[in-house]
Amino acid sequence: MNEDQRLLFLSSSSHFPPPQGVKLSYGTSGFRADASILQSTVYRVGILAALRALKTQSVIGLMITASHNEVSDNGVKVADPSGGMLSQDWEPFADTLANARHPQHLVELIAEFVQKENITLDGAKSVEILLARDTRPSGEFLLEAAKQGIGSIIGAVALDMGILTTPQLHWMVRARNGGVKASETDYFKQLSSSFRCLVDLSPSGTHANNVDDKLVVDGANGVGGEKLEILKTMLNGLAIEVRNSGKEGGVLNEGVGADYVQKEKVVPFSFGSQDIGLRCASLDGDADRLVYFVVPSTSSNKIELVDGDKILSLFAIFIKEQLSILNKEIDVKAKNGYQCHLGIVQTAYANGASTDYLKQLGLEVTFTPTGVKYLHEKAAGYDIGIYFEANGHGTILFSEQFLCWLKARTTELSAIAKGSEQHKAALRLLAVSELINQAVGDALSGVLLVEAILKHMGWSIQRWNELYQDLPSRQLKAIVDRSAVVTANAETVAVTPPGIQEAINAETAKHLRGRCFIRPSGTEDVIRVYAEASSQDAADNLAHSVAKLVDQFLGFGSS
């Protein structure tokens with residue numbers, strides 16, 4: 001690091017002293033906290049993003065959002081060259097950078113890190129960092145802090161992409177590094193054209209069967225509702241009514257949004273008896289989560305939830321069907337053969353009924369620890385990997401090898417069997433790979449894929465929801481030292497403290513279709529308890545009895 005660079009760090013960082021008594025940690029959501037204490041952290045993440053761009057010699061993204069959190073919160077996270085999350089190898093450095101107490105310490109940390117990572121700070125190479133924020137009022141001043149952080153590295157250029165959904169920014173980073181056009185208009189064009197392609201390839205006769213063309217969407221008073229208003233003008237054959245778009249004066253994520261709907265299982269604000277039986281969907285604050293729901297014909301405000309597990313199941317059925325059609329009469333030993341490895345990835349929080357259903361379809365289901373970064377990494381190991389969490393965050397990943405084969409096979413079929421079922425199946429799979437956001441979970445692309453598949457199947461939302469019946473479940477938390485619990489087998493088995501897993505097994509065995517696990521929270525100093533059973537009373541009893549076990553082994557009766 002030359003003297004000019006060192007002085008620039010010292011000068012700029014002096015304007016962003018870290019808040020006293022606060023220690024932040026970079027997790028799946030990046031850094032997230034009350035917006036009033038985040039300025040220095042966002043400045044430092046600007047430095048982090050610029051260093052990452054220099055290290056990878058690629059375009060990097062920086063997103064300012066707190067997703068489904070309340071409006072007073074905000075957060076910041078980095079998008080890697082693939083459009084995915086920041087490499088886990090860099091998370092410890094992100095923590096030390098954010099928590100450095102004074103400018104001199106900050107410069108020492110950076111100097112040590114760039115030497116270890118062999119990053120040259122001489123301004124000889126220019127790199128670009130794409131910046132975006134959601135609609136939170138605090139986003140504007142935090143964006144300026146990010147620009148200052150990026151500008152403190154000679155040769156780093158910040159490009160402000162404006163107000164975007166989180167998935168839009170991730171998509172743009174992936175597109176830019178893939179050498180394709182990456183504006184917001186390009187994003188909308190790709191989604192709308194691939195949706196149109198899928199709808200046009202729907203089997204004749206299913207278009208109007210049981211599928212109402214109207215979809216009512218809760219935009220969480222966030223950026224997703226705003227962007228969906230633009231996207232819907234580019235769609236034919238699907239009427240979308242957006243409520244809680246943020247223009248009506250509602251508060252971001254307050255009584256609205258996918259997180260609220262999924263956890264509370266009640267209608268969001270502005271929905272009610274007028275929507276009985278309609279197909280409804282809800283986005284979260286930054287539009288990376290999606291759930292569907294039905295308002296039943298009762299006087300209560302309860303809903304029938306169609307969550308991420310059901311979305312995953314719908315996608316899996318469709319992909320499996322297209323692969324079966326495509327592989328008909330193919331000689332796998334011949335040049336045109338390809339044994340596509342399709343895999344489904346879930347966490348232990350997936351409802352057991354969904355896992356049973358997917359396995360009954362003959363699909364390969366694997367589990368990872370909780371967290372999108374683990375799901376995404378596992379899904380990337382398949383030719384087609386589908387992952388979703390019950391909260392509605394997920395996507396479909398296609399391997400480059402499979403896509404290359406699929407494109408060649410589509411060309412071949414268009415020459416020898418144009419319009420055949422195999423040709424259509426190949427075109428559908430290609431359209432899915434264009435429509436779904438392969439960088440990250442994306443509620444806008446997800447909602448269009450759901451709608452296209454429902455049209456293809458000729459299914460109403462009620463028919464979709466009847467694929468299987470969720471097992472009743474209960475989640476609790478015990479306020480104990482989370483470091484005392486160590487888990488294995490994708491967090492389904494407690495290894496320490498000794499004896500607790502045997503005690504959990506004994507409680508679980510008392511309940512029909514019982515399943516229970518404990519895991520340390522990734523965000524709070526608590527142990528989370530998840531239980532399932534054949535009835536709600538049984539699930540409640542199992543969760544409470546295991547929470548008591550956690551207290552007995554580790555705590556003070558505080559669950």
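The values are calculated or read from the model by the stated rules, or taken from the named source; none is laboratory data. Keep in mind that this is a model prediction, so the values were computed, not measured. Here Cβ is always computed from backbone atoms with ideal geometry, including for glycine, and neighbour counts include all displayed protein chains. Quick note on the areas: whole protein, heavy atoms, side chains included, nothing else; ligands and nucleic acids left out. Shrake-Rupley method; radii C 1.70, N 1.55, O 1.52, S 1.80 Å.
Overview of results
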quantity: Hydrodynamic radius of region 119-205 per Kirkwood, over alpha carbon pairs, in Å; calculated: 15.3
quantity: Fraction of accessible area attributable to carbon and sulfur, the chain (%, probe 1.4 Å); calculated: 50
quantity: FRET efficiency estimate (nearest 0.05) - Cβ-Cβ, T366 to S300, R0 41 angstrom; calculated: 0.60
quantity: Between region 393-435 and region 103-131, the Cα center-to-center distance that results, in Å; calculated: 42
quantity: Pair N489, R513: separation of 7 Å Cα→Cβ label points (nm); calculated: 2.1
quantity: Net length gained if the chain between N236 and L278 were fully extended (0.36 nm per residue, minus Cα distance); calculated: 13.2 nm
quantity: Average accessible area per residue (Å²) across region 1-122 - probe 1.4 Å, nucleic acids and ligands excluded; calculated: 40
quantity: Per residue accessible area of region 208-333, 1.4 Å probe, in Å²; calculated: 39
quantity: Gyration tensor (alpha-carbon) shape descriptor, region 155-242, a/c threshold 1.5; calculated: oblate
quantity: Rule-of-thumb Rg ratio for region 213-306 [Cα; 2.2 N^0.38 Å; N residues]; calculated: 0.99
quantity: S324/D212 FRET efficiency (R0 35 Å; Cβ-Cβ; nearest 0.05); calculated: 0.80
quantity: Kirkwood-based Rg to Rh ratio, region 79-178, C-alpha trace; calculated: 0.96
quantity: Pairwise FRET efficiency - K181 versus E400, Cβ, R0 = 22 Å, nearest 0.05; calculated: 0.65
quantity: Cubic angstrom per residue, convex hull over Cα atoms of region 473-554; calculated: 77
quantity: Stokes-Einstein translational diffusion, region 346-475 - Kirkwood Rh over all Cα pairs, 0.692 mPa s, 37 °C, in µm²/s; calculated: 200
quantity: Global geometry of region 3-182, whether rounded, prolate or oblate, following the gyration tensor of its Cα atoms and the 1.5 cut on a/c; calculated: oblate
quantity: Relative contact order (%) - criterion: Cα under 8 Å, at least six apart; region: region 1-121; calculated: 33
quantity: Sequence-distant lysines (8 or more away, or on other chains) whose Cα lies within less than 16 Å of K548; calculated: K477, K510
quantity: Order by protection proxy (mean Cβ within 10 Å, highest first), peptides 196-202, 37-43, 499-505; calculated: 37-43, 196-202, 499-505
quantity: Within-12-Å neighbourhood charge of K214 [Cβ basis; K, R +1; D, E -1]; calculated: -3
quantity: When each of K232/K378; K214/K263; K147/K265; K227/K310 is checked by Cα-Cα distance, pairs over 31 Å; calculated: K232/K378; K147/K265
quantity: Antiparallel %, DSSP beta bridges [both residues in region 213-306], to 5; calculated: 45
quantity: At 1.567 mPa s and 4 °C, Stokes D of region 401-559 from Kirkwood alpha-carbon radius, µm² per second; calculated: 66
quantity: Euclidean distance of C-alpha centroids, region 467-520 and region 1-78, integer Å; calculated: 36
quantity: Segment H105-E229, extension gain: residue separation times 0.36 nm, minus the distance between their alpha carbons; calculated: 39.9 nm
quantity: Distance in nm between pseudo-label sites at L159 and D200 (7 Å out along the Cβ direction from Cα); calculated: 3.0
quantity: Per-selection Rg to Rh, the chain - Cα, Kirkwood hydrodynamic radius; calculated: 0.98
quantity: Residues of region 473-554: accessible area per residue with a 1.4 Å probe, Å²; calculated: 48
quantity: Segment D89-S58, length gained on full extension (0.36 nm per residue, minus Cα span); calculated: 9.4 nm
quantity: Per-residue HN-Hα couplings for region 189-202 [Karplus 6.51, -1.76, 1.60; θ = phi - 60°; Hz; x = Gly/Pro]; calculated: 5, 5, 5, 5, 6, 6, 4, 4, 4, 5, 5, 5, 8, 4
quantity: Peptides ranked, highest mean first, by Cβ atoms within 10 Å: ranges 69-80, 89-100, 177-188; calculated: 69-80, 89-100, 177-188
quantity: Residue-averaged [θ]222 nm for the chain, counting only DSSP H segments that reach four residues, each worth -39500 (n - 2.57); calculated: -13000 deg cm²/dmol
